[in-house]
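Beneath this line is the structure, given in structure tokens, with notes to follow.
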Amino acid sequence: MTSNALCFGDEFPAAGAPCSVQVDGDGLTVTFKSEGGDGAREVVPFSALTLSAGGLDHDHLVVKWTSAQGERTLYLKSPDVIRAFRETVPDHLGLPFAQAAERVRQVRHRRRLVWGLVGGVILATVLGLWSGADLLVELAVSRIPVEWEQKLGESAYRDFLTHQEVMKDGPAVTALGEMTQRLTEQIPNNPYKFEVAVVKSDVVNAFALPGGYVVVFTGLMKKAESGEEVAGVLSHELNHVLQRHGLERIVKSLGLLTVVAIVLGDQQGLVGMMKQLGVELLTLKFGREQETEADLTGLQLLQRAKIDPSGMIRFFERLSEKDEGRMEWLSTHPMSTARAERLKAEFAALPKKSPEPFTFDWKQVQASLGSQPVAVP
Amino acid sequence: MKSEILYPGAFPMVRVDLAAGEHIKAESGAMVACSPTIDIESKMEGGLLGALSRKFLTGEKFFFQTLRASRGPGEALLAPTVPGEIVILELDGVNEYMVQKDGFLAGADTIVIESKMQSLSRGLLGGEGFFILKISGKGTLVLNSFGAIHKIELKPDQEYIVDNSHLVAWSTTTSYNIEKATSGWVASFTSGEGFVCRFRGPGLVYIQSRNPGSFGAWIRQFIPVSE
């Protein structure tokens with residue numbers, strides 16, 4: 001015989017006496033366990049019973065009666081016994097039984113509802129932080145001083161450059177220096193001291209870190225057909241910095257992760273996350289809106305610096321023609337013809353200015369990079 | 001599985017005798033010493049998801065140890081991390097206990113350990129977090145506490161009030177409500193009790209004589225602050 005219920009009463013231990021309950025047509029048969037097998041047996045008619053729901057989660061059926069030995073309380077949880085009980089229960093107990101069952105359902109239902117609500121609130125908070133709270137992000141970003149931003153960007157920048165081959169001088173560095181100077185001269189109230197590094201790598205890419213640290217790969221310079229094309233990319237990257245896009249992304253993702261960490265109560269993880277931020281900076285992808293913003297403000301900056309913006313548009317068009325995974329700039333900068341089209345329209349709307357050419361010869365700059373311009377495969 | 005508490009008091013250990021082929025679950029890191037016939041395996045109770053939910057939700061360790069007497073009979077010595085008493089319970093297949101997350105030390109392989117979600121008020125105010133362990137099945141269960149373990153026996157409908165951070169384990173036939181320690185909100189917190197649990201029998205409630213959270217706060221004032 002296996003026990004399927006606990007019986008409480010004066011002579012039983014406080015933890016309850018394990019017993020086996022059987023339901024038949026007249027009532028319950030409760031068989032207590034004793035050393036070496038079945039012990040005392042009590043037969044209780046239905047008429048003597050009162051029913052309720054009880055236990056920690058209100059999921060026990062509590063059966064009470066008064067026997068010759070005193071008050072008895074039986075806690076039943078086994079679904080089999082409860083089912084047998086329901087099937088044979090006489091009318092006068094039917095109502096209390098239904099009430100007890102209803103109470104169990106109510107408790108479960110209420111708990112599910114409360115947790116559903118809590119889950120909903122958490123989800124809404126997370127979603128709100130992720131998408132709707134752009135204003136909040138901007139507010140937070142505007143409160144971060146430029147010096148902090150520079151420190152943040154600088155540590156990631158230095159860290160990145162230690163693993164790379166940086167070009168110290170040469171025509172490519174001089175050319176980029178000229179572009180940077182012509183562009184930055186046109187930025188009113190510029191709080192940033194821009195630093196542009198040329199890194200030897202065949203990757204067709206360029207990126208900007210918060211605080212004015214820009215990295216241009218020689219691969220991109222080899223790919224470009226004119227200085228104006230590189231200046232276009234540079235102008236785009238400078239505007240990521242000026243619009244503090246990197247910081248916006250950090251605050252956004254930090255906000256979400258913080259909520260997640262708080263929800264999961266994993267404060268250790270939070271510290272680890274902060275440390276990882278330096279690494280995250282390098283793989284930081286800008287959002288579509290931020291790309292568009294940097295495109296447009298980049299175009300305007302080119303215009304002010306009297307650099308022909310059609311170079312930028314041409315470069316974008318050329319990149320969008322080849323859907324090849326090898327071009328890094330594409331993966332971080334989703335290219336689409338729509339993007340080039342928008343720039344074209346924007347360019348057409350700008351007042352015409354006669355561009356001033358650069359002082360360097362682009363072919364010579366490219367030649368100094370060590371190899372011929374990459375042939376289109 | 002036979003078990004015996006050695007050095008009862010603040011720094012006890014449990015000696016578990018295993019017959020050949022027998023195995024037990026223990027909290028990760030609980031093993032102090034064992035016979036060479038015993039193999040230690042780590043096992044994710046309840047599969048990966050169960051283990052993950054236990055880790056993130058109850059703060060319990062991700063893995064349980066399994067100590068298996070695979071090369072003949074042997075014994076193992078187990079001890080908890082914190083100073084405090086150990087209690088051995090025999091589950092008979094009908095008894096079930098809720099155990100706060102640090103309370104489990106070891107158990108026969110036949111016992112079942114689940115993470116269970118509490119109701120919102122209990123989770124927020126009960127001091128054990130939203131998820132606690134529900135232990136059922138048949139066999140020996142070894143619990144540990146911070147300080148001494150005290151057993152409260154409740155008759156049907158008998159009530160008892162326990163400070164929430166002193167709870168170790170309680171049977172599922174009991175029920176409890178969270179309430180303020182005193183009638184006023186301010187007095188509730190200035191009395192140092194905050195919230196308490198009003199338990200209602202029948203069943204057993206195991207409590208610990210020390211409050212880990214308060215002890216942590218007390219000891220923090222002696223830790224030198226490094227610049």
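Does residue A:32 count as modelled with pLDDT under 85 and within 57 Å of the chain's Cα centre (by Cα)? The answer is no for residue A:32. The residues of the range A:67-80 that are surrounded by fewer than 20 Cβ atoms within 10 Å (Cβ to Cβ) and either in contact (Cβ under 8 Å) with a residue 24 or more places away in the chain or touching a Pro at 6+ places or on another chain (Cβ under 8 Å) (or both), listed by number, are A:67, A:69, A:70, A:71, A:77, A:78, A:80. The set of residues in the range A:201-239 being more than 18 Å from residue A:152 (Cα to Cα) and in contact with a strand residue (DSSP E or B) (Cβ under 6 Å, 6 or more places away or on another chain) consists of A:201, A:203, A:205, A:206, A:216, A:217, A:220, A:233.
Is it true that some residue in the range A:58-66 is more than 14 Å from every other protein chain (Cβ to nearest Cβ) and either surrounded by 20 or more Cβ atoms within 10 Å (Cβ to Cβ) or basic (Lys, Arg) (or both)? No, because not a single residue in the range A:58-66 is more than 14 Å from every other protein chain (Cβ to nearest Cβ) and either surrounded by 20 or more Cβ atoms within 10 Å (Cβ to Cβ) or basic (Lys, Arg) (or both). The one condition from (1) surrounded by 16 or more Cβ atoms within 10 Å (Cβ to Cβ); (2) modelled with pLDDT under 90; (3) farther than 30 Å from residue B:202 by Cα that residue B:67 does not meet is (2). Of the residues in the range B:72-93, at least one is at positive phi, modelled with pLDDT of 90 or more, more than 19 Å from the chain's Cα centre (by Cα) and part of a loop (DSSP other than H, G, I, E, B).
Scanning the range A:101-136 for residues being assigned to a helix (DSSP H, G or I) and modelled with pLDDT under 75 gives a total of 8. Return the pair list, or none, for Cβ contacts closer than 8 Å from residues in the range A:112-123 that are closer than 14 Å to residue B:117 by Cα to residues that are modelled with pLDDT under 85 and open to solvent by 60 Å² or more (accessible area, probe 1.4 Å), at least 6 apart or on different chains. Listed by first residue and then by second, the contacts come to A:115/B:117.
Checking each residue in the range A:20-50 for being under 21 Å from residue B:155 (Cα atoms), touching a residue at least 24 places away in the same chain (Cβ under 8 Å) and either within 14 Å of another protein chain (Cβ to nearest Cβ) or among the charged types (D, E, K, R) (or both) picks out A:21, A:30, A:31, A:32, A:33, A:42, A:50. Residues of the range B:94-115 that are assigned to a loop (DSSP other than H, G, I, E, B) and touching a residue at least 60 places away in the same chain (Cβ under 8 Å): B:95, B:96, B:100, B:102, B:103, B:109. Among the residues of the range A:1-35, those identified as open to solvent by less than 20 Å² (accessible area, probe 1.4 Å) and of a type in the set (Phe, Trp, Tyr) are A:8, A:32. The requirement of being open to solvent by less than 30 Å² (accessible area, probe 1.4 Å) and either more than 10 Å from every other protein chain (Cβ to nearest Cβ) or modelled with pLDDT of 90 or more (or both) is satisfied by residue B:145. Regarding the range B:205-218, can at least one residue be identified that is out of contact with any helix residue (DSSP H, G or I) (no Cβ under 6 Å at 6 or more places or on another chain), at pLDDT 85 or above and open to solvent by less than 20 Å² (accessible area, probe 1.4 Å)? Yes.
The values are calculated or read from the model by the stated rules, or taken from the named source; none is laboratory data. No experiment lies behind these values; they were computed from the predicted model shown. All Cβ positions, even for glycine, are placed from backbone atoms using ideal geometry, and neighbour counts span all protein chains on display. Areas reflect the complete protein model, heavy atoms only, side chains present, ligands, DNA and RNA absent. Shrake-Rupley method; radii C 1.70, N 1.55, O 1.52, S 1.80 Å.
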